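The values are calculated or read from the model by the stated rules, or taken from the named source; none is laboratory data. Worth saying up front: this structure is predicted, and the values here are computed from it rather than measured. Glycine also receives a Cβ, built like all others from the backbone with ideal geometry; neighbour counts cover every protein chain displayed.
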Amino acid sequence: MDFNFTPKVQDMQARLLAFMDQHVYPNEARFFREIAENRAKGNAWVPTTLIEELKPKARAAGLWNLFLPHSPRAPEGLSNLEYAPLCEIMGRVPFAPEIFNCSAPDTGNMETIARYGSEANKDRWLEPLLKGEIRSAFLMTEPEVASSDATNIQCRIERDGDDYVINGLKWWSSGAGDPRCAIYIVMGKTNPDAGRHEQQSMILVPADAPGIEVIRPLSVFGYDDAPHGHMEVRLTNVRVPVGNLLLGEGRGFEIAQGRLGPGRIHHCMRSIGIAERALELMCKRLNTRIAFGKPVARQSVWHERIADARCMIDQARLLTLKAAYMMDTVGNKVAKAEIAMIKVVAPNMACQIIDWAIQAHGGGGVSDDFPLAYAYAHQRTLRLADGPDEVHRASLAKLELAKHLGLPGEVEMPITRGS
């Protein structure tokens, strides 16, 4: 495995770092101030002007749609290995990926439509998503069942002539709060009597279809992530054309496996970015604070934490690059163990390092004066999103045991809340 980045990627790294320095870091306070001002006016669910101002600049800089490989509709797309260092840089600031049209859940939804949608689906939904004109949501998780096992899904998708009729209750529908959200990808059961993994299907549902009710936003440790939002959504007798079904009835798990592999590793790439930033903030804070007559940076406990943080970040980065390399060369299915490993490792690593950084900042660390509390809330959520740690560990254990028992080792990777 050669993890040296090509001159093309190195050039893009330099341009992206310069863009972040010039446009993103100086505007962090403005981003959250805009949301607070909108909330004070009575509606936090308004897109920020900052993001909309920066999107054309990102496009002009050649930093747009970098996540989508092998698509004639997005020729700027990179391989997973090429994208990794760029996604890491974007992950240093929570709102940055949207500036480059590389934010969840749109990335996973665009990849899903590109892979499994009809040409009509691509013309209607993929094109405006690639242009950044609309946003999207992914509706899988349900409040009434344990969604770490997606075979529990109760939402029904039933054929009625030239339409499918959808009924169900979803939550953690990330992106559904954004007023620009125009399309949902919904997972539900088309045939409850089929095999365990052949009951589910995925279908494209316009966000303005009659029968859709966005019930409420869900908060994460007090953050509602406006204007993006994680919403609870009820679908009551929602009708969509038969042509909106992706790939065919009973193939929802197949699609989910294809969608969640890239989505998981993108989250991990961003986790490394925020962990790097937390380590930087921690070191700067320690170097500028005096306690008990000497700089806090000279306290030996911080030496241990800083050293451990550097080891943990570099270990996670290497595992991420290995998983990305395997996804590019042998495919997501063969790389399933590596994807599961990094999905466990990266958010746990980031949570620990952010926690140390919060501790180094004292009371300021849990305030909104620094980006650490918000970053921790997001990273802690990732230990549940796209498969909880326990399910990934169980899958890894089964794969490992199968090596020594002469078993086929064909283990289903977890399918759960997508983002």
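Applying the criterion of being of a type in the set (D, E, K, R) and over 15 Å from Asn244 (Cβ atoms) to the residues of the range 157-189, the residue that is surrounded by the most Cβ atoms within 10 Å (Cβ to Cβ) is Lys170. Gln154 satisfies every condition listed in (1) without any contact (Cβ under 8 Å) to a residue 40 or more places away in the chain; (2) surrounded by 17 or more Cβ atoms within 10 Å (Cβ to Cβ); (3) of a type outside the set (D, E, K, R); (4) touching an Asp or Glu at 6+ places or on another chain (Cβ under 7 Å) except (2). The test for being out of contact with any helix residue (DSSP H, G or I) (no Cβ under 6 Å at 6 or more places or on another chain), at pLDDT below 95 and on the phi < 0 side of the Ramachandran plot does not hold for Lys284.
Do we find that Leu50 is at pLDDT 95 or above and either closer than 25 Å to Ala176 by Cα or touching a strand residue (DSSP E or B) at 6+ places or on another chain (Cβ under 7 Å) (or both) in this structure? Yes, satisfied. Does Glu280 qualify as being among the acidic types (Asp, Glu) and assigned by TED's automatic domain parsing to the domain that holds Val344? Considered against the rule, which asks whether it is among the acidic types (Asp, Glu) and assigned by TED's automatic domain parsing to the domain that holds Val344, Glu280 comes out as yes. Scanning the range 285-305 for residues that are loosely packed, with under 13 Cβ neighbours inside 10 Å and under 21 Å from Ala373 (Cβ atoms) yields one hit, Thr288. Just one residue in the set Asp368, Asp308 is touching a residue at least 60 places away in the same chain (Cβ under 8 Å), surrounded by fewer than 21 Cβ atoms within 10 Å (Cβ to Cβ) and on the phi < 0 side of the Ramachandran plot; that residue is Asp368. The residue of the range 319-343 that is nearest to Met1 (Cα to Cα), among those that are free of Cβ contacts under 8 Å to residues at least 24 places away in the same chain and among the β-branched types (Val, Ile, Thr), is Thr329.
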